[in-house]
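Notes follow once the structure below has been shown.
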Amino acid sequence: HDMPPKCRHGRTFQIRVAALKLLSYVVKDGQRDDEGGMDRMFRTIIDQMRRTPENLYDESWLGRETHLSPNTILSRFRQMTGLPPHAFLMKCRIHRAKDLLARGEMDITEIAAELRFSSSQHFATRFRQETGLTPKAWREAQMSVGK
């Protein structure tokens, strides 16, 4: 404040510009940390879906877990998996179904119920869409390979 009045205005402006630059760096760092945390959170959810595809992972569950809007969840999920949540879950369920079919311990209706398909017909349809074979044909093919 010991500067002439004309110079003080320029100095105040420079201080404001410097403060805004500093603030923008802080905000950018915070966003990077938040994105890293969001990625970790989504990786955890994705791993959980892979491990336990029989659980219910609907839109309301995802919203409660992430505290994000449905559009943000969909966007981030597609970014990380290439699929929307429901399609990813179906892939996980079909993968688990292959394991259960290969073991041969459960019949197809039990597997469908275990993996929360609405019916064995729905399961067979989704399985065929994914693999090109019905669950029964897939199981028979696996059994013949094992012989």
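At-a-glance table
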item	result
Residue-span extension gain [His122 to Leu68] - 0.36 nm each, minus C-alpha spacing	16.4 nm
Backbone N under 12 Å from the Thr131 label point (7 Å along Cα→Cβ), restricted to region 53-67	none
Region 51-147 - percent of accessible surface contributed by carbon and sulfur, probe 1.4 Å	49 percent
Projected label distance in nm at Thr109 and Leu22, using a 7 Å step from Cα toward the beta-carbon	7.3 nm
Karplus (6.51, -1.76, 1.60) ³J(HN,Hα), θ = phi - 60°, over region 52-69, in Hz, Gly and Pro reported as x	10, x, 6, 6, 8, 10, 8, 4, 5, 5, 4, x, 5, 6, 9, 6, 10, 6
In order through region 98-103: 3J(HN,Hα) via Karplus (6.51 cos²θ - 1.76 cosθ + 1.60), integer Hz, x for Gly, Pro	4, 4, 5, 5, 5, 5
Per-residue SASA entry for Ser120, accessible area with 1.4 Å probe, Å² rounded to 10	30 Å²
Candidates per GluC sites (Glu not before Pro) in region 99-147, loop by DSSP, up to 10 other Cβ within 10 Å	Glu105
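The values are calculated or read from the model by the stated rules, or taken from the named source; none is laboratory data. None of the values given here were measured: they were computed from a predicted structure. Note: ideal-geometry Cβ built from the backbone for every residue, glycine included; neighbour counts use all protein chains shown. Side chains included, ligands, DNA and RNA excluded: accessible areas come from the protein's heavy atoms. Shrake-Rupley method; radii C 1.70, N 1.55, O 1.52, S 1.80 Å.
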